[in-house]
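A.B. asks: I have a structure here, written as structure tokens, and I will follow up with some questions on it.
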Amino acid sequence: MLCPPEVLVLKSATIAAVLLLVAAACGDTGSTGDTLSTEPAADSAPTTSSITDTTTGDSTSSPPAAGSGIADGWTVTRVGTGIKPVLALDASDQPAIAWLVEEVNEGFVSYAAAAEEWTEDRLVEGYFYGPIGLAFDPAGNPHIAYHDHQDTSFQDDLGDLAHAVRQGDAWTLDTATDDGHDGWDSTIAIGSDGVVRAAGIDPQQFSRDDGVEYYELGPGGWQVTAIGSGPIEYEWNVSLAVSDAGVVGLSYFDNNSADLVYAELGDGSWDLTVVDFGGDVGRFSSLAFDADSNPHISYYDEDGTVRYATRAGETWSTEDVGELDDVEIAFAGARRITAIDIDSSGSPQVVFGDRSVVRHATRTAAGWETTDVFSASDQPLGQLVSFALGSDDTPHVATYEGTAADGSTAEVLYLTTG
């Protein structure tokens, strides 16, 4: 039994320490649903906050917490212990998050939903690797894609993209079996047609030539196709999206040319386009479609700039969104540090983050307006964000903080407004 949720009002410098004490007091390192609601930093205008006890629904007001790392109007909820979370919204705009721990002998993949009071549901244990993917099908069932090493010792000839779907209370697991050690940086997307699609990397690090792979689940099982990228390293992310009209697209970083590439599926083959080039640009991309099936991509330039690209007709345009100053590129370093979605007016919004801060940017007629949503305290942030907008344009964000590379002591966090 998980400890009942509590609401804590904290200075950001004490958030991580208090969370660990809460977990210890509960006798459980799983999900608690603790909500941390604080006020602007000391140099912001003082305001008051509404603090809701999730067990009673009672609300009170309190003065701002000096030195807070949480922006005014935002709340942060501790969801569980782990790393590399991914967020998705169900048909009722209720958020859910999947995450994992990458310990060799004690790893796991977990899922929790706000509609279920963030109760952790651990679906599988083993040796896994993230980032992972999460999507809901038209029937409301959650689907998760992740990389399964398939052994407690690393072997080049093992390892595939694994898929889990929950129907009722039971998870069903299957694998997109293929040659090599593939399925890295897994992502998943399900359109209105209900077809389960995924993407991942068959890495250049293991002398593989396929690179970006596309997976589609049909009546006969998974079909695995190399899209024609050629050799690609994992760790720079591949993003998959399906438009309302059924357009299937991918974005990825070609580490050999150091360019951002967009790929679109049509008539059974993939059309690849270099979107941005020059220098080292295109890492950690995130793809979304608008209502007219125009692709929008956020991504990272090695100089520290988060950038945005979109296509109208046949013409691509690019622009700067904002800056990150504390990105650490390493095996256990940055992963999906940008995430994009399209609001109800058709405008893009981008969330991006490094070891120090999570930022939210909205595109206006005057340019990009950026808010520092959450700042690190005594532990660095995980350099990964997942982002979705509700039908009313409410932002929902998942990230994590902590120093353990395998995620055994890191904290998965859910951020939103209201």
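A.B. asks: Can you work out the accessible area per residue across the range 171-317, with the rest of the protein chains kept in place, probe 1.4 Å, in square angstrom?
C.D. replies: Dividing the accessible area of the range 171-317 by its residue count gives 37 Å².
A.B. asks: If you keep only loop residues by DSSP, which chymotrypsin sites (Phe, Trp or Tyr not before Pro) in the range 312-418 have at most 12 other Cβ atoms within 10 Å of their Cβ? Don't skip to the answer; put the middle values down first.
C.D. replies: Values: sites: 316, 331, 352, 368, 374, 387, 400, 414; in loops: 331.
The qualifying sites are 331.
A.B. asks: Now for a separate question. For a protection proxy built on the mean count of beta-carbon atoms within 10 angstrom, sort 152-158, 245-251 highest first, please. Write out the running numbers ahead of the final one.
C.D. replies: Values: 152-158: 11.1, 245-251: 19.9.
For the peptides 152-158, 245-251, the packing ranking is 245-251, 152-158.
A.B. asks: In the range 161-201, carbon and sulfur make up what percent of the accessible area (probe 1.4 Å)?
C.D. replies: Solvent-exposed carbon and sulfur of the range 161-201 make up 42 percent of the total.
A.B. asks: If you count only protein heavy atoms with a 1.4 Å probe, what accessible area per residue comes out for the range 356-418, rounded to a whole Å²? Please report the intermediate quantities before stating the final value.
C.D. replies: Working: 2170 Å² over 63 residues.
So the range 356-418 comes to 34 Å² accessible per residue, rounded to a whole number.
A.B. asks: Averaged across orientations, what area in nm² does the convex hull of the alpha carbons in the range 335-397 project?
C.D. replies: Directional mean of the projected Cα hull area for the range 335-397 stands at 4.2 nm².
A.B. asks: Dipole of the range 85-136 (Lys/Arg Cβ +1, Asp/Glu Cβ -1, origin at the Cα centre): which of 100, 133, 118 lies farthest to the positive side?
C.D. replies: Positive-most Cα among the choices belongs to 133.
The values are calculated or read from the model by the stated rules, or taken from the named source; none is laboratory data. These figures come from a predicted structure and were not determined experimentally. Every residue, glycine among them, receives a Cβ derived from its backbone with ideal geometry; neighbour counts consider all protein chains shown. Accessible surface areas use protein heavy atoms only, side chains included; no ligands, DNA or RNA. Shrake-Rupley method; radii C 1.70, N 1.55, O 1.52, S 1.80 Å.
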